[in-house]
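Asker: Have a look at this one.
The values are calculated or read from the model by the stated rules, or taken from the named source; none is laboratory data. Note that the structure is predicted; figures quoted are calculated from it, not measured. All Cβ positions, glycine included, derive from the backbone under ideal geometry; neighbour counts span all protein chains shown.
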Amino acid sequence: MLELENVWKSYRVGSLGSKRLTAVRDVSFTIAPGEVLSVVGESGSGKTTVGKMVLQLISVTRGTIRLDGRDITAAGKRGLREYYRKVQGVFQDPFSSYNPIFKADRVLEMVRQTYFPRVGRSEWQAKVEESLQSVGLDPGAVLGKYPHQLSGGQLQRMLIARALLLDIEVLVADEIISMLDASTRIDVLNLLGELKERGLAVLFVTHDLSLANYISERVIIMRHGAVVETGATAKVFGDPRHPYSRNLLASVPQLHTKWADNQFHAEELEPDGDRDRPPAPLTKVDENHWAAAAG
Amino acid sequence: MTTDATLKSDSVGESRERLYFAFRNPKVVIGLAIVLGLLLVGLIAPLLLSAEPTQQFDAKSASPSGEHWFGTTYFGNDVFTQFAYGIRSSFMVGALGGGIAFVIGLTVGFTAGYRGGLVDEFLNMLTNVVLVLPALVVLIVLSTYLENRGPVSQAIIIGVFSWPWVARAVRAQTFTLRNRDYVDLAKLSGKRAPQIIVREVMPNMASYLLMSVILLFGGAILFAAMLDFIGLGPTDSISLGSMMQQSMAWSALHLGLWWWFVPPGLAITAIVGGLYITNVGLDEVFNPKLREM
């Protein structure tokens, strides 16, 4: 169980850190095993920052992140290494996730160096092949290749295979399919579904609402660094209460609608204000459905 | 299957491909040949020569002959002997001074670029301060303070003053590379910052680093020659620059002793020129867009 409690992130910017930029404001949520939680929102809403804080690639300014009750923000270097045994991530751009001058399977080798230094060659090889097969990759076709020789879908699946080499409980998937084409996209998405069935908790960061709807049980909608609406996917997408959520849902192009026929007019939204102020609190609007007060 | 085979062959190694282009690039070959040829002279000739560079022969101001290949000086020193020892010390100063500058520049650049924040602000300030110091003036002051100057102290002084531009370039490159996802992935694999810098960031700028080593090496040789020429060279040994300084001090030009100053002058020009030609050639090797078809 991964818990975020009142997490804030501010960056120091400007010369000698004289100014402050708040990227995430008072975000709290939990992800249970076997659950996919989607975080959606516009660019700059802080959804990627949340994912990176869960992965501890960015420090938390205020608040705590707990895994199975243990505070990981105070874990230290060794504690972090153990944390990564249980929490792993896959990023947006498959081609940037691999160092272009090395072979792609080096990402698997790095896991061995840190976490399985005593495992023998043949035993490791068997483990790698099993893991690759479990994400639908042919080991012979992907091992020993350079990143530019593999497709985006293959690279993303290899990163998931890398995460599966460890006994992970939580996977942070940050826009992992937004750079893939439609047909590979659904394969990777279905793979996430299978992982969920196997008891993995997935934090699925995306800007694509239809993907969030397809894969996740619960959804969080973020704007200006704060949560504006959260709850069960069907509730939030079926009956959006916050004006921003309504705008967001209405802005998804439908397959059978033309631009000229679109009658939707965006609602007036509150402009970005003082980000150091606590955001509007979430109130329960329905069973499993919370929304922030608008305006 | 055929596509698979071609894919394999182009993956065999970019490094081997680069080596292939490097040895077919006339600039690299010519430049390296000049530099390595002179290096061999500096390494081997002093071992074979019986005379010492300070030894004075009876024949003074003699023109080049079979006995004295490059003639002798006003005092009867054998110019070729001095030349060979001078090349040796020039290479020494170049390697040591360039090496020191490279190590400092790399350390500062990687630390500033990778850590960012206040560390970067401080290191960047330090870099800029050293960059705007009038290095020549400081070097002259420092050199005059040192009573006994050898090539080593000279190299250290040069090294301490020529790292800033490497540091700046490395810092800038590191800034762009440290935000790549593969750096994050290495962190998620439990790798520490020094490992990430060496294994993930550095290989991506290897070509740049190689070229900056070459330029620092040449720059240190040139700087040393300049210091020598204004009389701040080594006090206990001979160098190419101090040979030229001596020849000028004893009016070799007016006495017509061209063999005294032409060889060291040509050697400095050839070493530095050779290094720059190699560098231009390597640029073409690493950047295919510059290759002449």
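Asker: Which residue, of A:Arg112, A:Arg70, is modelled with pLDDT under 90 and among the basic types (Lys, Arg)?
Answerer: A:Arg70
Asker: For the condition over 30 Å from B:Leu240 (Cα atoms) and surrounded by fewer than 17 Cβ atoms within 10 Å (Cβ to Cβ), what is the one hit in B:Glu200, B:Glu121?
Answerer: Going through B:Glu200, B:Glu121 in turn, the sole match is B:Glu121.
Asker: Let me ask something additional. What's the total number of residues in segment A:199-224 that are over 12 Å from A:Val252 (Cβ atoms) and in contact with a Leu (Cβ under 9 Å, 6 or more places away or on another chain)?
Answerer: Total meeting the criteria: 14.
Asker: Is there any pair with a first residue in segment B:117-133 that is within 13 Å of another protein chain (Cβ to nearest Cβ) and over 18 Å from B:Val160 (Cα atoms) and a second that is of a type in the set (A, V, I, L, M, F, W, C) and surrounded by 12 or more Cβ atoms within 10 Å (Cβ to Cβ) whose Cβ atoms are under 9 Å apart and which are 6 or more apart or on different chains, and what are they?
Answerer: If the second residue must be of a type in the set (A, V, I, L, M, F, W, C) and surrounded by 12 or more Cβ atoms within 10 Å (Cβ to Cβ), the pairs left are B:Val119/B:Ala112; B:Asp120/B:Ala112; B:Asp120/B:Phe175; B:Glu121/B:Ala112.
Asker: Going by what's in this entry, would A:Ile177 be described as within 16 Å of the chain's Cα centre (by Cα), modelled with pLDDT of 90 or more and either within 14 Å of chain B (Cβ to nearest Cβ) or part of a loop (DSSP other than H, G, I, E, B) (or both)?
Answerer: No; evaluated as a whole, the condition is false for this residue.
Asker: Taking only segment A:90-102 into account, find how many residues are of a type in the set (A, V, I, L, M, F, W, C), buried (at least 22 other Cβ atoms within 10 Å of the Cβ) and more than 7 Å from every other protein chain (Cβ to nearest Cβ).
Answerer: Here the count works out to 1.
Asker: Oh, and also: Give me a count of the residues in segment A:4-27 that are in contact (Cβ under 8 Å) with a residue 24 or more places away in the chain and in contact with a Gly (Cβ under 8 Å, 6 or more places away or on another chain).
Answerer: 12
Asker: Moving on. So, of the residues in segment B:154-180 that are among the charged types (D, E, K, R) and within 14 Å of chain A (Cβ to nearest Cβ), which turns out to be farthest from the chain's Cα centre (by Cα)?
Answerer: Only one residue fits best here, namely B:Arg180.
Asker: Looking at segment A:107-122, which of the residues that are exposed (fewer than 10 other Cβ atoms within 10 Å of the Cβ) and in a helix (DSSP H, G or I) is farthest from the other protein chains (Cβ to nearest Cβ)?
Answerer: A:Ser122
Asker: Which residue out of A:Asp181, A:Asp208, A:Asp187 is surrounded by fewer than 21 Cβ atoms within 10 Å (Cβ to Cβ) and within 18 Å of A:Ser45 (Cα to Cα)?
Answerer: On the way: A:Asp181 fails: within 18 Å of A:Ser45 (Cα to Cα); A:Asp187 fails: within 18 Å of A:Ser45 (Cα to Cα).
Testing whether each residue is surrounded by fewer than 21 Cβ atoms within 10 Å (Cβ to Cβ) and within 18 Å of A:Ser45 (Cα to Cα) leaves just A:Asp208.
Asker: Here's something else I'd like to know. Is it true that B:Val137 is surrounded by fewer than 20 Cβ atoms within 10 Å (Cβ to Cβ) and more than 14 Å from chain A (Cβ to nearest Cβ)?
Answerer: yes
Asker: A further question follows. Can you give me the number of residues within segment A:123-148 that are more than 13 Å from every other protein chain (Cβ to nearest Cβ) and more than 25 Å from A:Ser178 (Cα to Cα)?
Answerer: Looking only at that region, the number is 8.
Asker: Just the residues that are of a type outside the set (Gly, Ala, Ser), facing chain B (nearest Cβ under 9 Å) and touching a residue at least 12 places away in the same chain (Cβ under 8 Å), please, taken from segment A:64-89.
Answerer: A:Leu80, A:Arg81, A:Tyr84, A:Arg85, A:Val87, A:Gln88, listed by residue number.
Asker: Of the residues in segment A:81-106, how many are outside any loop (DSSP other than H, G, I, E, B) and farther than 19 Å from A:Leu171 by Cα?
Answerer: From segment A:81-106, those outside any loop (DSSP other than H, G, I, E, B) are A:81-90, A:106; that's our starting set.
Now drop any that are not farther than 19 Å from A:Leu171 by Cα, which leaves A:106.
Counting residues in segment A:81-106 that are outside any loop (DSSP other than H, G, I, E, B) and farther than 19 Å from A:Leu171 by Cα gives 1.
Asker: Taking the residues in segment B:181-195 that are more than 7 Å from chain A (Cβ to nearest Cβ) and part of a helix (DSSP H, G or I) as candidates, determine which candidate is nearest to A:Lys86 (Cα to Cα).
Answerer: For segment B:181-195, the residue satisfying everything is B:Val183.
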